[in-house]
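Working notes, beginning with the structure itself.
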Amino acid sequence: MLDRDAALGALQIAQKGGADFAEVFMEDTESTALSMVGGKMENAQNGRIFGAGVRVMRGVTAAYAYTNDVSRSGLARAAEQAAAALDAQAGSPEEIAFQVKGDGRAIWAQLLPGRVAGAEKAALVREADRAARDISPEIVQVSCGYSDVDQRIWVCNTAGVFAQDRRVRVRLAVQAVASDGQQNQTGFEGPGAAMGFEAFRTRIDPAMAAQTAARTAVTMLHARECPAGRFPVAIDSGFGGVIFHEACGHSLEATSVAKDASVFCGMRGKPIAAPCVTAIDDGTLPGEWGSAAMDDEGNPTQRVVLIENGILKNYLVDRLGGRRMGMEPTGCGRRQSYRFAPTSRMSNTFIAPGESTDEEIIASIDKGLYAKKMGGGSVNPVTGDFNFAVQEGYWVKNGRIQDAVRGATLIGKGAEVLMKIDKVGGALALGQGMCGSLSGSVPTNVGQPMIRVSSITVGGR
């Protein structure tokens, strides 16, 4: 664990170097990754990440240095290097009264992955591989992966925080490829949880995830090309929330807002979405993929209402962003590892349930698209322009789901789409993913009930 005297020494060195705030972050992370391709186990890997970083600030200027030498002298050198980058006048160390927070327990983990034999983990991967192949002889390739992470962190800063946390996560990923000899289609499922290995007995069904991925691939193999045009679109629950996450959520992070690089700058208290839209980021949800007891700045995670009935209420604010914006942190300072300084990041971000039913939403579409599963895409966080692929889609006519269609993309601007959401269903679901930004890749949930966008550009043929 982090030696308090060594951390205090580093903080005092940073203060002498002119910092008006300093922080030590230390982590000790163990991980396992297994992968199977084509029915053969290709990779089995155990890893460990161990090290610490020292961040210093003066006003709205910050510097960061990291090391895997967490001794008193190693932390001292990192503090000296970070403080030197501030190029500030020398200061005087102040007395720091630490308030210890957190006990480092794996809050949502009952069975730590490190106590589970590798053979049992490999059995999950083999089960998923078999289940996907059994769906159809048209499934020509299956790639399966299992991963777990057991991360212990400590945060110590000049504001008096001395906190620790333990995060345990497990995940299964399955990609299935269907082929008719001339063309291929792909399906993917990646369920995960901030839980121990018990998640595979209570929440994650490897066979079901694999079957779902395979069925998507086979369905899309026999789908016709999607028509192009501007239509109403129903976007299903779960990973459909990736559009809000990418096209709108990033624009609500202080990482963008504090630099005046967001379309939502200066919009607090103003309408930015239709009245039926309420959007929330909640890092406190027990066992959810993006959850933790505290963020990587030592602040308790929070439930933050971003949009309420269409009105922008809050941004996601980290400590440095808060200094630039004159706002308090919201418990969202996150980082991939000790090699990264934290920035404001989403955790479990979703559109809250509304008053419509899925049946009502589909019935309201005379001619349009039902996007059952969303795939990858790209977005410009400054403008909100996005382009997302539909992994599994169906044509809707006269209020009824018709045949499957492939090759569909959704094209638009985040701010415009928020205003065009005119129906929100009542059944919320979440989908797991990894989100990349300035502070690296972190686990995040996206989610929503089924929603209807009254009009959006659909790319197709």
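The values are calculated or read from the model by the stated rules, or taken from the named source; none is laboratory data. Bear in mind that the values here come from a model prediction, so they are computed numbers and not experimental data. Every residue, glycine among them, receives a Cβ derived from its backbone with ideal geometry; neighbour counts consider all protein chains shown. Please note that ligands, DNA and RNA were not included when accessible areas were found on the heavy atoms of the full protein model with its side chains. Shrake-Rupley method; radii C 1.70, N 1.55, O 1.52, S 1.80 Å.
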For A371, indicate whether it is surrounded by 17 or more Cβ atoms within 10 Å (Cβ to Cβ) and hydrophobic (A, V, I, L, M, F, W, C).
yes
Among the numbered conditions (1) open to solvent by 30 Å² or more (accessible area, probe 1.4 Å); (2) part of a strand (DSSP E or B), tell me where D165 comes up short.
(1)
Considering only the range 262-273, I want to know if a residue exists there that is of a type outside the set (A, V, I, L, M), in contact with a Gly (Cβ under 8 Å, 6 or more places away or on another chain) and in a loop (DSSP other than H, G, I, E, B).
no
Going by the conditions given, is E80 more than 30 Å from the chain's Cα centre (by Cα) and more than 20 Å from A163 (Cα to Cα)?
yes
Just wondering, is there one or more residues in the range 273-281 that are among the acidic types (D, E), open to solvent by 10 Å² or more (accessible area, probe 1.4 Å), at pLDDT 95 or above and closer than 20 Å to P443 by Cα?
no
Looking at this structure, is W154 aromatic (F, W, Y) and open to solvent by 60 Å² or more (accessible area, probe 1.4 Å)?
no
Of all the residues that make up the range 225-241, how many are at pLDDT below 95 and open to solvent by 10 Å² or more (accessible area, probe 1.4 Å)?
1
Among the residues of the range 209-223, is there at least one that is more than 30 Å from P137 (Cβ to Cβ), touching a residue at least 12 places away in the same chain (Cβ under 8 Å) and surrounded by fewer than 23 Cβ atoms within 10 Å (Cβ to Cβ)?
no
Residues in the range 160-216 that are within 26 Å of A117 (Cα to Cα) and hydrophobic (A, V, I, L, M, F, W, C) total 16
Could you run through the range 292-335 and say how many residues are open to solvent by less than 30 Å² (accessible area, probe 1.4 Å) and either of a type in the set (G, A, S) or farther than 21 Å from A193 by Cα (or both)?
18
Reported set for the range 74-88 where residues are touching a strand residue (DSSP E or B) at 6+ places or on another chain (Cβ under 7 Å) and of a type in the set (G, A, S) is G74, A78, A79, A82, A83, A85, A88
Restricting the range 242-258 to residues that are open to solvent by 10 Å² or more (accessible area, probe 1.4 Å) and not hydrophobic (A, V, I, L, M, F, W, C), the one modelled with the lowest pLDDT turns out to be E246
Among the residues of the range 35-78, write down those that are touching a helix residue (DSSP H, G or I) at 6+ places or on another chain (Cβ under 8 Å), assigned to a strand (DSSP E or B), in contact (Cβ under 8 Å) with a residue 40 or more places away in the chain and open to solvent by less than 20 Å² (accessible area, probe 1.4 Å).
M36, A52, G53, V54, R55, V56, M57
Would you mind finding the one in A85, A122 that is open to solvent by less than 60 Å² (accessible area, probe 1.4 Å) and hydrophobic (A, V, I, L, M, F, W, C)?
A122
Kindly check whether there is at least one residue in the range 388-403 that is outside any strand (DSSP E or B), open to solvent by 30 Å² or more (accessible area, probe 1.4 Å) and either modelled with pLDDT under 95 or β-branched (V, I, T) (or both).
no
Leading residue by the ranking (nearest to A63 (Cα to Cα)) among those in the range 12-33 that are open to solvent by 20 Å² or more (accessible area, probe 1.4 Å) and of a type in the set (A, V, I, L, M, F, W, C):
I13
Hits in the range 344-367 (condition: crowded, with 24+ Cβ neighbours inside 10 Å and either β-branched (V, I, T) or in a strand (DSSP E or B) (or both))
S344, N348, T349, F350, I351, I361
